[in-house]
Structures are given as structure tokens and as C-alpha cells.
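Okay, so here's the structure we're looking at.
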Amino acid sequence: MPPFYECQRCTACCRWPGDVRLLEDEITRIAAFLDLSEEDFIQRYTRINHHRSGLSLTEQPDGSCVFLEGVDCRIQPVKPQQCRDFPNLWNFPGFENVCRAVPRDVTIEEFKSKVQVANQSFFRR
Ligand code: SF4
């Protein structure tokens, strides 16, 4: 059983380069959260992703996510699934060198429940 990584909110993953892909329902949810029409949200905060297969969030001039404010995510309750799932449901070789999440040994049930808790607050909205 792999450990469950507890995020320490260091925001490193909000600052490294790459696409934060958006699914259609995420566009709807984030636009509503920001009180914007989907069209306005797309115009203001998205770009074509690097594979030219969909939309991703734009970046600030320093490369950090457009919604990172200090150490807070402006759209935390509705942030994209890609952000939500890292590093427990996807990661990359050597991610531990840049991510400060703390590994905890858990049972498979605990792992599922912790992942579910992260998603419940998301789907309640
Ligand atoms: S890099 Fe790791 S510890 Fe830091 S905010 Fe992202 S998931 Fe959390």
C-alpha cells in the first residue's frame, strides 16, 4: 500500500511550469464561483493547452498559477481535479524532492477515505 501524502500547503505545485487542464464541468463550476459567465472566465483565465487539445489555466508573469494569491488558492473550494489529486492519485518520479507533503502509512480504507474527503468538499458545491 503506498503512503498517503498529507499536503503541507507549501504551494510548490502551484508554481512549477506545465498545464493545469480544465474539464468542461470545471469551467462551469469555477466561472460560477467567480460570478463570471463561462465566456468571460475562458477569456480572462484560460489558454489553449500545450497539446492543443483543450483549455488550461493561465499563469502569472512569474509562472505561478493565475489563482495563487500569496500562499492561498483563490478558487480552493472548486479547484481543478488535477490540483486536487496531486500527489496521491498522480505524481512524477522525484516529486518528493519538490513537494513537501508528508507521507503517512495508512490502510487502503484510510487512503480511500482521505481521498474522498478531499473530493467531498468539492462536490458539495
Ligand atoms: S507541492 Fe505538495 S505539499 Fe506543496 S502544496 Fe503541492 S501538494 Fe501540497
Task: Mean-position separation - Cα centroids, segment 94-116 and segment 43-58, in angstrom - done: 29 Å
Task: Positive-end extreme of charge dipole, the chain - chosen from PRO80, MET1, LEU34 (charges on Cβ) - done: MET1
Open item on the list: Quick check: pseudo-label points 7 Å beyond the Cα along Cα→Cβ at CYS7 and GLU69, how many nm apart are they?
Closed with: 1.7 nm
Task: Dipole magnitude of the chain about its Cα centre (Cβ charges: Lys, Arg +1; Asp, Glu -1), debye to nearest 20 - done: 140 debye
Task: Long-range amide H partners of ASN49 with built H, under 5 Å - done: GLY54, LEU55, SER56
Task: Alpha-carbon centroids, segment 65-83 and segment 1-22: separation in whole Å - done: 11 Å
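Where does the chain land at 222 nm, in deg cm²/dmol rounded to the nearest 500, when only DSSP H runs of n ≥ 4 count, each adding -39500 (n - 2.57), divided by all residues?
Working: 4 runs with 39 residues, N = 125.
Taken over the chain, the calculation gives -9000 deg cm²/dmol.
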Open item on the list: Amide H of VAL20 versus every other amide H placed in the peptide plane: which residues, excluding those fewer than 5 positions away on the same chain, fall under 5 Å?
Closed with: LEU57
TODO: Mind checking which of THR107, GLN43, GLY63 is farthest towards the positive end of the chain's charge dipole, using Cβ charges of +1 (Lys, Arg) and -1 (Asp, Glu) about the Cα centre?
DONE: THR107
Task: Relative contact order (%) - criterion: Cα under 8 Å, at least six apart; region: the chain - done: 40 percent
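Read-outs throughout are calculated quantities, based only on the coordinates presented, and are distinct from any laboratory measurement. Since the structure is predicted, the reported quantities are computational estimates derived from the model, not experimental observations. Positions of Cβ are backbone-derived with ideal geometry, glycine not excepted, and every protein chain shown enters the neighbour counts.
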